[in-house]
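Take a look at the structure set out below.
The values are calculated or read from the model by the stated rules, or taken from the named source; none is laboratory data. What you are looking at is a predicted structure, and each value in this text was computed from that prediction instead of being measured. Positions of Cβ are backbone-derived with ideal geometry, glycine not excepted, and every protein chain shown enters the neighbour counts. These area figures cover heavy atoms from the full protein model, side chains too; ligands, DNA and RNA do not enter into them. Shrake-Rupley method; radii C 1.70, N 1.55, O 1.52, S 1.80 Å.
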Amino acid sequence: MKHFPRVLIVEDEPAIAELIAVNLRHNGFQPIWAEEGVAAQRELDAVLPDVILLDWMLPGQSGVALARRWRADARTKGIPILMLTARGDEPDKVAGLDAGADDYITKPFSTQELLARIRAVLRRRAPEQVDVSITIGALALDSATHRVSWQGQVLKIGPTEFKLLNYLMKHRERVHSRAQLLDKVWGDHVFIEERTVDVHVKRLREALGAAGAMVETVRGAGYRLTAQAQVASQA
Ligand code: CA
């Protein structure tokens, strides 16, 4: 079943909130609108959203104060917060980030920019991003340093291929459909075609060189990373 990420919009200007809500709904998100902090808290007490869009200037508690409060609360501290600000001043941005916001976006912003930022914070918070190192045979991946090596040699690999490999290595020997990979690796597949997966798998194999054979195509099903592949030795 497809998950429609819940986005809590905390914004006192109805026109802006409505515009954001319409665009989010249109792009596969589930928007919930709260006009100020008290209403927002009520929503949070009921159901936790996947991300919070938080206006800086609100009646009652300011966005920064709310961000600080939600970050301090064990129940809400893991929810990504994207601050919406009309101000372009650097100190305000810093204050927002200091208060615990994951990112900020300056009004006026385009829908595309907003969606890109939301997806980015969702990806950063995704459970697949937890730092670990994984080794399968002579292939090693270290999330902390973003390094992939084969037989001790560091490989050059792009950021998307890295994430893809990370996922495949964590879930080795299992077949993943393109849609599953889009969902798990890209975080959202509203705008991305399944063919994109093939492009990145091709690049991943190229980056892996001799170890590229470990990424198998399972006809009609998807892709699998296997330790059983016949990998040519570079010795
Ligand atoms: Ca406002």
Next item on the list: Determine, for the chain, the count of lysine pairs separated by eight or more sequence positions (or lying on different chains) whose alpha-carbon distance falls under 27 Å.
Entry: 19
Margin query: Please list, ordered by chain and number, the residues whose modelled amide H lies under 5 Å from the amide H of Ile9; skip anything fewer than 5 residues away on the same chain.
Written below: Ile32, Trp33, Ala34, Leu53
Checklist line | Accessible surface, per residue, of the chain when the full set of protein chains is kept, probe 1.4 Å, Å² | finding: 51 Å²
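Of the GluC sites (Glu not before Pro) in the range 133-201, which ones lie in a loop per DSSP and count no more than 12 other C-beta atoms within 10 Å?
Working: sites: Glu161, Glu173, Glu193, Glu194; in loops: Glu173, Glu193, Glu194.
Answer in residue order: Glu173, Glu193.
Which of rounded, prolate, oblate describes the range 159-209, given a ≥ b ≥ c as roots of the alpha-carbon gyration tensor eigenvalues and a/c under 1.5 marking rounded, otherwise prolate only if a/b is larger than b/c? Numbers along the way, then the final one.
On the way: a/c = 1.73, a/b = 1.24, b/c = 1.40.
Since a/c reaches 1.5 but b/c is at least a/b, the shape of the range 159-209 is classed as oblate.
On the accessible surface of the chain, probed at 1.4 Å, how many percent belong to carbon and sulfur atoms?
On the way: 6290 of 12050 Å².
Carbon and sulfur: 52 percent of the exposed surface of the chain.
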Notebook entry, point to check: Magnitude of the Cβ-charge dipole of the range 133-234, K/R +1 and D/E -1, about the Cα centre, nearest 20 debye?
Noted result: 120 debye
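What does the charge count around Glu36 come to, taking other residues whose C-beta lies under 14 Å from its C-beta (Lys +1, Arg +1, Asp -1, Glu -1)?
Counting the neighbours of Glu36, the net charge comes to -4.
When a/c is below 1.5 the answer is rounded, else prolate if a/b is larger than b/c, else oblate, so apply that to the range 1-73 with a ≥ b ≥ c taken from the square roots of the Cα gyration tensor eigenvalues.
On the way: a/c = 2.29, a/b = 1.33, b/c = 1.73.
Oblate, since a/c reaches 1.5 and b/c is not below a/b.
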Margin query: Run the helix sum for the chain: -39,500 (n - 2.57) per DSSP H stretch of 4+ residues, divided by residue count, reported at 222 nm to the nearest 500 deg cm²/dmol.
Written below: -11000 deg cm²/dmol
Checklist line | Qualifying trypsin sites (Lys or Arg not before Pro) for the range 1-57 [loop in DSSP, other Cβ within 10 Å: at most 14] | finding: Lys2
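Which trypsin sites (Lys or Arg not before Pro) does the range 139-215 hold that lie in a coil by DSSP with at most 16 other beta carbons within 10 Å?
Lys156, Arg172, Arg174
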Next item on the list: Using a cut-off of 15 Å between beta-carbons, work out the net charge of the residues near Asp198 (Lys and Arg +1, Asp and Glu -1, Asp198 not included).
Entry: +2
Next item on the list: Using only the Cα atoms of the range 7-125, build the gyration tensor, take square roots of its eigenvalues as a ≥ b ≥ c, and label the shape rounded, prolate or oblate: rounded if a/c is under 1.5, else prolate if a/b is larger than b/c, else oblate.
Entry: rounded
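Compute the signed sum of charges (Lys and Arg +1, Asp and Glu -1) over the other residues within less than 10 Å, Cβ to Cβ, of Ala99. It would help to have the intermediate numbers written out before the result.
On the way: positive: Arg68, Arg69, Arg71; negative: Asp98.
Result for the neighbourhood of Ala99: +2.
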